[in-house]
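The values are calculated or read from the model by the stated rules, or taken from the named source; none is laboratory data. In this text, all values refer to a predicted model and were calculated from it rather than measured experimentally. Reconstructed Cβ throughout: ideal geometry from the backbone, glycine too, with neighbour counts over all protein chains shown.
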Amino acid sequence: MFSFFKKKPVAPEAPAAPVVAPAPIAPAPVEAASLPDLLPIEEPAQKQSWMSRLKAGLSKTSSNLSVLFVGARIDDDLYDELEAALLMSDAGVDATTYLLDALKRKVKEDKLLDAAAVKAALKQLLIELLTPLQRPFELGRHTPTVMMISGVNGAGKTTTIGKLAKHMQTHGQSVLLAAGDTFRAAAREQLMVWGQRNNITVISQASGDPAAVSFDAVQSGKAKGVDVVMVDTAGRLPTQLHLMEELKKVQRVIGKGMEGAPHETLLVIDGNTGQNALAQVKAFDDALKLTGLVITKLDGTAKGGVLAAIARVRPVPVYFIGVGEKIEDLQPFVAAEFVEALLG
Ligand SMILES: Nc1nc2c(ncn2[C@@H]2O[C@H](COP(=O)(O)OP(=O)(O)O)[C@@H](O)[C@H]2O)c(=O)[nH]1
Ligand SMILES: [Mg+2]
């Protein structure tokens, strides 16, 4: 059966953590109308299968690649066009060169004669390139599992937290959120209202110190024995060095609240960002030692090749990918599925 999260079996000697029903901790400060960018609360009754949504989401990237193989002859023109298409998809020079060289070798060795066989060979090479990025997200190893979520403004951090929280609830996990985006009061209120509607506790502070809010959330999560604490953070660019320092401080202070925490430090990337996504991965990874990525908005982009660039240059695991705004549009990254949607 398909499972969204991999649950680590609890060691027999570990005491069972008490799970408390999450409860909102503060009254609703604003009306629901101020929630344009959070999630629909109900999942739509009509569910498209994940594969068809992934295909639809990636169609802008895939049509540029797949079209090359339709009735094509295997010659230098095909390789040139493929090179251009891979670069256009933001696979980057390194991954593009690597894939083309490997493909040419394979065509020669296996004496491939028709375009369909070459396409199948490319699929295989892409799966091999992307599989190291695939890693199931583990729950249950720590109580709580503490996650810190970082990224630039508008990447999809808060909506990703909302979607993950709902998925986790579905899997029987209790969740607590920290409104660590203290930069804007609206961001804090947005998360709190959403938490109340979804019966998920949100720790928030009017004082606006993200490290303090995160520390409180971890303490509270430990005391209540919740399964997962997710810390939202304000968006920032890697070039804003003082804000990157602030983020490092939040991470350090979380570690003071619970040894070994945060267990997961995630970077959320907007799939439309192009090659700058790679710069973001490098900078946030250098600053925070990322444990994983979430790549959102692959539905709006022709740049889905950026995963190949990440795989070659800074292979941080991609836990989840997003192909839309609904809860079910965020799913675990599976290399074979992704490549099938691109070149199927
Ligand atoms: N099309 C699309 N929109 C998304 C996706 N993920 C997030 N968004 C939208 O991106 C916008 C910014 O998201 P938000 O979570 O507020 O970004 P944050 O600033 O990083 O917290 C919102 O309107 C989200 O609905 C996705 O996978 N696809
Ligand atoms: Mg946000």
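Things to note:
- Residue that is surrounded by the fewest Cβ atoms within 10 Å (Cβ to Cβ), among those in the range 182-193 that are outside any helix (DSSP H, G or I) and within 11 Å of ligand 1 (Cβ to nearest atom): Arg184
- Of all residues assigned to the range 150-173, none qualifies as being more than 16 Å from ligand 2 (Cβ to nearest atom) and either touching a His at 6+ places or on another chain (Cβ under 8 Å) or part of a strand (DSSP E or B) (or both).
- Complete set of residues in the range 60-84 that are in contact (Cβ under 8 Å) with a residue 40 or more places away in the chain, outside any helix (DSSP H, G or I) and not aliphatic (A, V, I, L, M): Gly71, Arg73
- Lone unmet requirement of (1) away from ligand 1 (no atom under 14 Å from the Cβ); (2) closer than 25 Å to Glu138 by Cβ for Gln196: (2)
- Among the residues making up the range 149-194, those that are small (Gly, Ala, Ser) and more than 16 Å from Gln331 (Cα to Cα) are Ser150, Gly151, Gly154, Ala155, Gly172, Ser174, Ala178, Ala179, Gly180, Ala185, Ala186, Ala187.
- Of the residues examined, Ala206 is not one that is more than 16 Å from ligand 2 (Cβ to nearest atom) and assigned to a helix (DSSP H, G or I).
- Filter result for Ile200 (more than 15 Å from Glu264 (Cβ to Cβ), touching a residue at least 60 places away in the same chain (Cβ under 8 Å) and crowded, with 19+ Cβ neighbours inside 10 Å): yes
- Residue within the range 279-302 that is modelled with pLDDT under 95 and acidic (Asp, Glu) present: yes
- Any chance Gly225 is at pLDDT 95 or above, surrounded by fewer than 19 Cβ atoms within 10 Å (Cβ to Cβ) and under 25 Å from Gln251 (Cα atoms): yes
- Residues that are touching a residue at least 60 places away in the same chain (Cβ under 8 Å) and hydroxyl-bearing (Ser, Thr, Tyr), drawn from the range 216-229: none
- Scanning the range 117-145 for residues that are farther than 30 Å from Gly225 by Cα, of a type in the set (A, V, I, L, M, F, W, C) and crowded, with 17+ Cβ neighbours inside 10 Å gives Val118, Ala121, Leu122, Leu125, Leu126, Ile127, Leu129, Leu130, Leu133.
- The set of residues in the range 109-149 that are in a helix (DSSP H, G or I) and not aliphatic (A, V, I, L, M) comprises Glu109, Lys119, Lys123, Gln124, Glu128, Thr131, Pro132.
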